[in-house]
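Notes to accompany the following structure.
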């Protein structure tokens, strides 16, 4: 960061591309460095970073030990690269489809437990 004559902070931004999904963002060099430090030298967007953290936590919980975050990042990079061959709109549609499928499996269990609210739409069922 540099100071100009009026003593205002000028933030220098740089482009960063997620090594998993390819999303490009403008970030400060300090932020990019922090992300790379956390994720084995790779810059990940927020969504991929959360997925890698979740994967690392699952492996730790199972007692998998091993490479920890580095192994989780490698697994997520591999997963994303297998999906990158299709156009972005198709990937978004596939993600929504998967989310709705999971949600539709969860809803019948909640309804049988009597946790559904009156007036909620059974077709959508996004009550929390």
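The values are calculated or read from the model by the stated rules, or taken from the named source; none is laboratory data. Note that the structure is predicted; figures quoted are calculated from it, not measured. Glycine also receives a Cβ, built like all others from the backbone with ideal geometry; neighbour counts cover every protein chain displayed.
Annotations for the structure displayed:
- Top-ranked residue in the range 76-91 [being more than 13 Å from the chain's Cα centre (by Cα) and in a helix (DSSP H, G or I); ranked as surrounded by the most Cβ atoms within 10 Å (Cβ to Cβ)]: 91
- Check on residue 105, modelled with pLDDT of 65 or more, loosely packed, with under 10 Cβ neighbours inside 10 Å and within 23 Å of the chain's Cα centre (by Cα): yes
- Contact map, the range 9-38: residues that are more than 18 Å from residue 52 (Cα to Cα) and not assigned by TED's automatic domain parsing to the domain that holds residue 52 paired with residues that are modelled with pLDDT under 90 and not in a helix (DSSP H, G or I), Cβ distance under 8 Å, separation 6+ or inter-chain. No pairs are found.
- In the range 50-70, the qualifying residues are those that are in contact with a helix residue (DSSP H, G or I) (Cβ under 7 Å, 6 or more places away or on another chain) and part of a helix (DSSP H, G or I), and the one that is surrounded by the most Cβ atoms within 10 Å (Cβ to Cβ) is 52.
- Residue check for residue 16: surrounded by 19 or more Cβ atoms within 10 Å (Cβ to Cβ), farther than 15 Å from residue 72 by Cβ and in contact with a strand residue (DSSP E or B) (Cβ under 6 Å, 6 or more places away or on another chain): yes
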